[in-house]
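Right, one structure below, let's go through it.
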Amino acid sequence: MSYIIVTDSSANLRSLDAPVAFASVPLKIITSEREFVDDASLSTAEMTSYLQSYRGRSSTACPGVADWLSAFGAADAVFAFTITSALSGSYNAARLAGEDYEAAHPDRRVYLVDSLSTGGEMKLLIEKTAALLQQGEAPETVYEAVRAYQSKTRLIFALQSLNNLANNGRVNPLVAKISGALGMRIIGRASEQGELEILSKCRGEKRALEKIVSHMQEMGYAGGPVRLDHCHNTAVAVQLRSLIRAQYPDADVQIGQTYGLCSFYAEKGGLMLGFEVE
Ligand code: X90
């Protein structure tokens, strides 16, 4: 039996460490002048600097049904992961692709997971799936285990600007306004419904990092794995990892970069953390 893990590019993953078939389906970042496809050929640094000087409207687009379908390839079992269906059409496109795929090949199955989140939380779900598949678990068992694991994973983010989120209707413009003040950091999380929920706002880097850790603890963090992605903010990501490890010396904290889609919305300096709770 062949299988593949497919995710949309909001997971900030282009490959897997595990020897399991894998594909990333790109979202797109669009301006009136240019279109950025969030795949391995994208330079997020170049995109970010272009967007900083670009003054017109910009938006994003989720993958279409055909994009998902071609990523499924010819696997007997497809595990597909999407960004939260509350903020994107990616899940719906993947669902329709799954229906087509199963109708065309009655012996194949698509196991679809609405992450109700994005970024590092998707990484954790995907890592779990890869590990169980490698252990030789049956697809149905893997799917059930991953759905159950979703109740143990969370996402927190800290952003310096909510402009792109607000301009694209992903957050209330009034909420976005508070982040306009210089030096303000907005900390929030993916809610249980997969929506963006603001937890607090504060001034200054050090204060923000301490707040992130205390919010994580309030949400049940107790030293489990953390997948921390940053948008051009390595030094601060490393500082945050040290702060987590000061309390949990053995914590498996892996730092990565936001790719195109998350860089667009998290904006320069943004941090997002997927983590496991007890
Ligand atoms: O379909 C599309 O065009 C994609 C729309 C995506 C909108 C939200 C992306 C958020 C990316 C920002 C911080 C994390 C927020 C998580 C809320 C659940 C990253």
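What follows draws every value from the coordinates through simple rules; no lab data is involved. This one's a predicted model, so the numbers in the text were calculated from it and none came from an experiment. Here the Cβ is made from the backbone with ideal geometry for all residues, glycine too, and neighbour counts use every protein chain on show.
Side notes on the structure shown:
- Karplus-based coupling profile of segment 31-41, in residue order and whole Hz: 10, 5, 9, 9, 10, 10, 9, 7, 10, 4, 7, with θ = phi - 60° in 6.51 cos²θ - 1.76 cosθ + 1.60 and x standing for Gly or Pro.
- Within the straight-line cut-off of under 22 Å between alpha carbons, the lysines reachable from K211 are K152, K177, K201, K268, sequence neighbours fewer than 8 places apart in one chain being disregarded.
- Of all complete DSSP H helices in the chain, not one has a Cα span along the helix axis of 24 Å or greater and a mean Kyte-Doolittle hydropathy of -0.5 or more.
- Calculated from backbone phi, Karplus (6.51, -1.76, 1.60) coupling profile of segment 112-118 in Hz, x at Gly/Pro: 9, 10, 7, 5, 6, 6, 6
- Sites matching chymotrypsin sites (Phe, Trp or Tyr not before Pro) across segment 131-232 that sit in DSSP coil, with at most 12 neighbouring C-beta atoms within 10 Å: none
- Exposure rule at most 10 other beta-carbon atoms within 10 Å, DSSP loop trypsin sites (Lys or Arg not before Pro): the chain longest free segment: 58-278
- Over 22 Å [Cα-Cα, the chain], rounded percent: 55
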